[in-house]
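Visitor: Okay, here's the structure, questions in a sec.
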């Protein structure tokens, strides 16, 4: 029998806003005891059962198109998880709400502490999930050698102009808006810690200088087909290194 840990299906959202000459991205610092060990990362997390139960409330993309885009069954669950996790962790909700008087702060708290179910929140408040605001652009599977593994779909989304973002204060201990170049520089200087997939994602995003360019680039990747990045970890000269597509991609961060 294999002792390789199964990779848990997950969604991550790169939230982007215009800022001066270069777009800024929302990064959130994970709790030291979390799987990310105090590193900064994009909002996201694992799929929950409720994510596959709200397909009727997903707008802008059909179930068949979502399945084809991601190459899975129940692809809309990944879009739902992306919107849910972004809301839980940052307070930003990519949706419209049909019911008046909904207390979003209380709903966010309830989702985070488990007293509110995502399916109930969506159905009871006539929430329409804006799945078409998410641009699918990257797919990573954690190396088999690691004890905690994720099969993660990355989505890009523009920050809504009428909302504010802030970390939830539980699993997340800090949040900041940085350009891709600034985030990479902060990591090199030791001001923040970034894991390997975050670094590679930031490097790709840094090549685009406007929000529109980023969104167009992400949309083109989805149309062309997003490849799976499945790195391995090998030791070279006693140091663990990440190997992607047969090429040495630097020391494990």
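Readers should treat all values here as calculations from the given coordinates under stated rules, not as data from a laboratory. Since we're looking at a predicted model, the values are computed, not measured. Note: ideal-geometry Cβ built from the backbone for every residue, glycine included; neighbour counts use all protein chains shown.
Visitor: Starting from the eigenvalues of the Cα gyration tensor, five times each then square-rooted, give me the equivalent ellipsoid semi-axes of the range 135-222, largest first, whole Å.
Guide: Values for the range 135-222, descending: 21, 19, 16 Å.
Visitor: Right, next: Can you order the peptides 151-160, 210-219, 137-146 by their average number of other Cβ atoms within 10 Å per residue, highest first?
Guide: Going by the mean number of other Cβ atoms within 10 Å, highest first, we get 151-160, 137-146, 210-219.
Visitor: Between residue 223 and residue 19, what's the calculated FRET efficiency when r is the beta-carbon distance and R0 is 25 Å? Round to 0.05.
Guide: It comes to 0.35.
Visitor: Separate question: Label points 7 Å out from Cα along the Cβ direction at residue 213 and residue 46: separation in nm?
Guide: Result: 3.8 nm between the two label points.
Visitor: What is the fewest-to-most order of 193, 179 by other Cβ atoms lying within 10 Å of their Cβ?
Guide: In increasing order of surrounding Cβ atoms, one gets 193, 179.
Visitor: Students often check this: by mean Cβ neighbours within 10 Å, which of 65-72, 225-232, 45-52 ranks highest, and how do the rest follow?
Guide: On the way: 65-72: 15.5, 225-232: 13.9, 45-52: 18.1.
Going by the mean number of other Cβ atoms within 10 Å, highest first, we get 45-52, 65-72, 225-232.
Visitor: Find how much the distance from residue 161 to residue 132 grows on full extension, using 0.36 nm per residue of separation minus their present alpha carbon separation; answer in nm with one decimal.
Guide: Working: separation 29, 0.36 × 29 = 10.44 nm, distance 1.66 nm.
Net length gain for the segment: 8.8 nm.
Visitor: Across 5 Å bins from 0, what is the distribution of all Cα-Cα pair distances for the range 112-155, in whole percents?
Guide: Each 5 Å bin holds this share of Cα pairs: 5, 16, 13, 12, 18, 18, 12, 4, 1.
Visitor: A further question on this structure: Calculated FRET efficiency, residue 6 and residue 116, Cβ-Cβ r, R0 25 Å, to nearest 0.05?
Guide: Result of the calculation: an efficiency of 0.35.
Visitor: So, by mean Cβ neighbours within 10 angstrom, what's the order for 80-87, 100-107 with the highest one leading?
Guide: Per-residue mean Cβ counts within 10 Å order the peptides as 80-87, 100-107.
Visitor: Among 176, 58, 168, rank each residue by its count of other Cβ atoms within 10 Å, from fewest to most, as a rough exposure measure. It would help to have the intermediate numbers written out before the result.
Guide: Details: 176 16, 58 23, 168 19.
Arranged by neighbour count, lowest to highest, 176, 58, 168 become 176, 168, 58.
Visitor: Give, in nm to one decimal, the length gained when the segment between residue 99 and residue 189 is fully stretched (0.36 nm per residue of separation minus the Cα-Cα distance). Can you show the working numbers first?
Guide: Details: separation 90, 0.36 × 90 = 32.40 nm, distance 4.73 nm.
Length gained between residue 99 and residue 189: 27.7 nm.
Visitor: Classify the range 8-117: rounded, prolate or oblate, from the alpha-carbon gyration tensor (a ≥ b ≥ c, eigenvalue square roots; a/c under 1.5 rounded; otherwise prolate if a/b is larger than b/c)?
Guide: Since a/c stays below 1.5, the shape of the range 8-117 is classed as rounded.
Visitor: To continue, here is another question. Indicate the gyration tensor shape class of the range 179-240 (rounded, prolate or oblate), computed on the Cα atoms with a ≥ b ≥ c the square roots of the eigenvalues: a/c under 1.5 is rounded; otherwise a/b larger than b/c is prolate and the rest oblate.
Guide: oblate
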